[in-house]
Amino acid sequence: MSLTSAIPGNLAAEDTQHLAIVFEDVALAFDDIVVLDGVSFELKRGETKAIFGIAGAGKTMILKLALGLIKPDRGHIWVLGHDVTEMREEDLFELRRKIGMVFQESALFDSMTVRDNVAFRLIEEGDVPGDELDKRVREVLRFVELERTIDMLPSELSGGMRRRVSIARAIITQPEVILYDSPTGGLDPITSTTIVQLIVKQRDVYKTSSLLVTHRLQDAFTMATSYFDTKTNEMKPIQPGSNIDVKTSFLILRDGKIILDGEAADLTATKDEYIKEYIA
Amino acid sequence: MELISPVDIAKQMVMAVQDYSQLAARSLSNVFRRPRYVADTLVQMDQVGVGSLPIVVLTGFFTGAVLALQGSNTLDRFGSLSLIGQLVSISMVRELGPVLTSLMVAGRNSSGMASELGSMKVTEQIDAMRALGTDPSKKLVTPRVLSTVTMLFFLTMISDLVGLSGGAMVSTLMLGLNSNQYWSKAWQSLVWQDVTMGLTKPIIFGFILSTIGCYYGLSTKGGTQGVGKATTQAVVAASVLILVVDFFWTRLLMTMIGS
Ligand SMILES: Nc1ncnc2c1ncn2[C@@H]1O[C@H](COP(=O)(O)OP(=O)(O)OP(=O)(O)O)[C@@H](O)[C@H]1O
Ligand SMILES: [Mg+2]
């Protein structure tokens, strides 16, 4: 069933169960600025969808809508089978624990150490003993190569380090869905590659579903053409002819609407002048 | 400057009052829900209670002292200077202890809460907390409300006592009264109505000043300037509300329990 033809609000709960995120005819405006106007797409479980668009296109708003942090003016959003547009704030907290979010500006708690930031979810959920907690924090910090910053405050870190701490905080409980907001924005190529590797590892090793907002097309292409090799513990390019399904798709936003939603091949084969210019 | 219609202003005010009431109600109902943030509450108790102690002691002392000084003038004219203990104790316990302590703590802590939560709001830390599955009204607001209410209760008692001592100092050292006489008058004149009035006030005022501080913090908009504005507004709103509620609560109690 094509979603765009679905009657708004008529999607049955069963249809959304096997999908990670479904947007159905979502519209959002601030006063008279229209940000999103009839956005529909779906993210399958285990899939990573890269979202592109110029600054101010509404990419961050899509992630915030998916978390239920803001409500749309129109349309419905299902996350792991729950309609977040209809849920009360009190009931959303439970669902949000299954979702990780990496904010564009990191949004670390600035009066807590890196340890407390990363452990936030574990501490909140309680019943994780102290040494176990410490072990898991160190493990996830090692994953983002920041183990030595454990006792520092966010203000003592560089922007790129903060971004990685923010990723560590989002993945420590291995959520089913991760929303990355420009995780490589404004970073050097080396750090960016590290972060892309982390995301690919999440996708291939932990089978996480994710939305990835990014300005860098090449990052998404790298992801679409690489896989994570668990034996050597590194990201490797896919050899031509191999049948690895990388589960990476692309979505381009323009003027509040989706102008492309498909695979890497759809993107390169496009006839649309705007998209051609975008990927040039 | 953009002109806003009076209807819009009225609508915004109604919305604000509604949002505030919801937050205030949530802060209370959270007390009965898990998780309970005991550690956060203790940190706040230290901030509000221990942190405010010096100014509360100073305010209380000098208020009691000046009450005795001013009162002596009037009482002397009627030749009843010995009633000074009664005057100081009733004024302190019923009115000035609770009100001045609350105003002091409002100046210190409503602003502190508004600026702390406001900074968290504008740097997306509040959103991050919600995104991590934690209810900011539970983790941030309820601990502040609980600790302010408890601490203000005790701070008011301290303020009352210190105020009485201030009065005692003036009465014995400057007015030449007998210290025993002062204290026994001060003590005997207090009836349970006075104490009820004096000790229900800090509970109400503590609730007001902490919820107002948190409300302005959580509804901060517009960067650092917005944080500054929220801070000022929180102190003003809390102080005015305390004085207004003080009048009505006093009136209500006087009809309910007499005197
Ligand atoms: N709180 C708000 N009030 C008014 N307008 C807002 C608000 N938040 C976002 N907007 C507007 O919504 C639009 C989309 O913002 P959004 O943050 O989603 O952009 P973005 O695609 O993430 O951009 P960038 O690539 O720069 O991060 C922008 O035009 C912005 O001005
Ligand atoms: Mg953005």
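The values are calculated or read from the model by the stated rules, or taken from the named source; none is laboratory data. Remember, predicted model here, so these are calculated numbers, not experimental data. We place every Cβ from the backbone using ideal geometry, glycine too, and count neighbours over all the protein chains shown. Just so you know, the surface numbers come from the protein's heavy atoms only, side chains and all, with ligands and any DNA or RNA stripped out. Shrake-Rupley method; radii C 1.70, N 1.55, O 1.52, S 1.80 Å.
State which residue pairs qualify: first residue at negative phi and inside segment A:229-249, second residue among the charged types (D, E, K, R) and not in a strand (DSSP E or B) in any location, beta carbons under 6 Å apart, and separation of 6 or more residues or different chains.
Pairs that qualify, where the first residue is at negative phi and the partner is among the charged types (D, E, K, R) and not in a strand (DSSP E or B), are A:SER249/A:GLU263.
Between residues in segment A:160-185 that are within 16 Å of ligand 2 (Cβ to nearest atom) and residues that are at pLDDT below 90 and of a type in the set (Asp, Glu), which pairs lie under 8 Å by C-beta distance while being six or more apart or on different chains?
Short answer, once both residue conditions are applied: A:THR184/A:ASP219.
Kindly indicate the residue of segment B:191-243 that is charged (D, E, K, R) and open to solvent by 40 Å² or more (accessible area, probe 1.4 Å) and also nearest to ligand 2 (Cβ to nearest atom) among those meeting that condition.
B:LYS221
For segment B:130-164, give me the residue count where each residue is among the charged types (D, E, K, R) and under 15 Å from B:MET104 (Cβ atoms).
Qualifying residue count for the region: 1.
Quick check on segment A:101-125: of everything there that is of a type in the set (D, E, K, R) and in a helix (DSSP H, G or I), which residue is farthest from the other protein chains (Cβ to nearest Cβ)?
A:ARG115
Going through segment A:227-279 one residue at a time, which ones are in a strand (DSSP E or B) and open to solvent by 90 Å² or more (accessible area, probe 1.4 Å)?
Answer for segment A:227-279, where residues must be in a strand (DSSP E or B) and open to solvent by 90 Å² or more (accessible area, probe 1.4 Å): A:ARG254, A:LYS257.
Considering each of A:GLY56, A:GLY68, A:GLY81 in turn, give the residue that is open to solvent by 60 Å² or more (accessible area, probe 1.4 Å) and either under 21 Å from the mean Cα position of the chain (by Cα) or within 16 Å of ligand 1 (Cβ to nearest atom) (or both).
A:GLY56
For segment B:229-259: of the residues being more than 18 Å from the chain's Cα centre (by Cα) and free of Cβ contacts under 8 Å to residues at least 60 places away in the same chain, which is nearest to B:MET113 (Cα to Cα)?
Checking each candidate, the answer is B:LYS229.
State which residue pairs qualify: first residue among the acidic types (Asp, Glu) and inside segment A:72-86, second residue open to solvent by 20 Å² or more (accessible area, probe 1.4 Å) in any location, beta carbons under 8 Å apart, and separation of 6 or more residues or different chains.
Note: pairs meeting the criteria are A:ASP73/A:ALA29; A:ASP83/A:ALA13; A:ASP83/A:HIS76; A:GLU86/A:HIS76.
Identify, please: which residue in segment A:163-205 is under 22 Å from B:ALA131 (Cα atoms), part of a loop (DSSP other than H, G, I, E, B) and within 16 Å of ligand 1 (Cβ to nearest atom) and is, among those, modelled with the lowest pLDDT?
A:GLY185
Confirm whether A:LYS49 is within 12 Å of ligand 1 (Cβ to nearest atom) and either of a type in the set (Lys, Arg) or not assigned by TED's automatic domain parsing to the domain that holds A:THR208 (or both).
Against the criterion (within 12 Å of ligand 1 (Cβ to nearest atom) and either of a type in the set (Lys, Arg) or not assigned by TED's automatic domain parsing to the domain that holds A:THR208 (or both)), A:LYS49 does not qualify.
Quick check on this structure: which one of A:LYS64, A:LYS71 is of a type in the set (D, E, K, R) and either at positive phi or in a loop (DSSP other than H, G, I, E, B) (or both)?
The unique qualifying residue is A:LYS71.
Considering every residue within segment A:34-42, establish whether at least one is within 21 Å of B:ALA128 (Cα to Cα) and away from ligand 2 (no atom under 13 Å from the Cβ).
No, because not a single residue in segment A:34-42 is within 21 Å of B:ALA128 (Cα to Cα) and away from ligand 2 (no atom under 13 Å from the Cβ).
Residue by residue, here is whether (1) part of a loop (DSSP other than H, G, I, E, B); (2) at positive phi; (3) at pLDDT 95 or above holds:
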residue	(1), (2), (3)
A:PRO8	yes, no, no
A:LEU11	yes, no, no
A:THR16	no, no, no
A:LEU28	no, no, yes
A:GLY38	no, yes, no
A:ILE54	yes, no, no
A:ALA57	yes, no, no
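Which ones in segment A:165-179 are more than 11 Å from chain B (Cβ to nearest Cβ), touching a strand residue (DSSP E or B) at 6+ places or on another chain (Cβ under 9 Å) and not β-branched (Val, Ile, Thr)?
Matches in segment A:165-179: A:GLN174, A:GLU176.
Taking A:VAL35 and the conditions (1) more than 8 Å from ligand 1 (Cβ to nearest atom); (2) farther than 22 Å from A:THR184 by Cβ; (3) open to solvent by less than 30 Å² (accessible area, probe 1.4 Å), which numbered condition does it fall short on, given that it satisfies the others?
(1)
In segment B:1-41, which residues are part of a helix (DSSP H, G or I) and of a type in the set (Lys, Arg)?
Across segment B:1-41, the qualifying residues are B:LYS11, B:ARG26.
I'd like to check something: does segment A:124-143 contain any residue that is open to solvent by less than 10 Å² (accessible area, probe 1.4 Å) and not assigned by TED's automatic domain parsing to the domain that holds A:MET235?
Within segment A:124-143, one or more residues are open to solvent by less than 10 Å² (accessible area, probe 1.4 Å) and not assigned by TED's automatic domain parsing to the domain that holds A:MET235.
Given the conditions (1) within 19 Å of B:GLY133 (Cα to Cα); (2) away from chain B (no Cβ under 14 Å); (3) open to solvent by 30 Å² or more (accessible area, probe 1.4 Å), and given that A:LYS98 satisfies all but one, which numbered condition is not satisfied?
(2)
Looking at A:LEU198, A:LEU187, which one is within 20 Å of the chain's Cα centre (by Cα), over 23 Å from A:GLY56 (Cα atoms) and away from chain B (no Cβ under 14 Å)?
Checking each option against the conditions leaves just A:LEU198.
Please determine whether any residue of segment B:101-116 is more than 22 Å from B:TRP187 (Cβ to Cβ), crowded, with 20+ Cβ neighbours inside 10 Å and in contact with an Asp or Glu (Cβ under 6 Å, 6 or more places away or on another chain).
no
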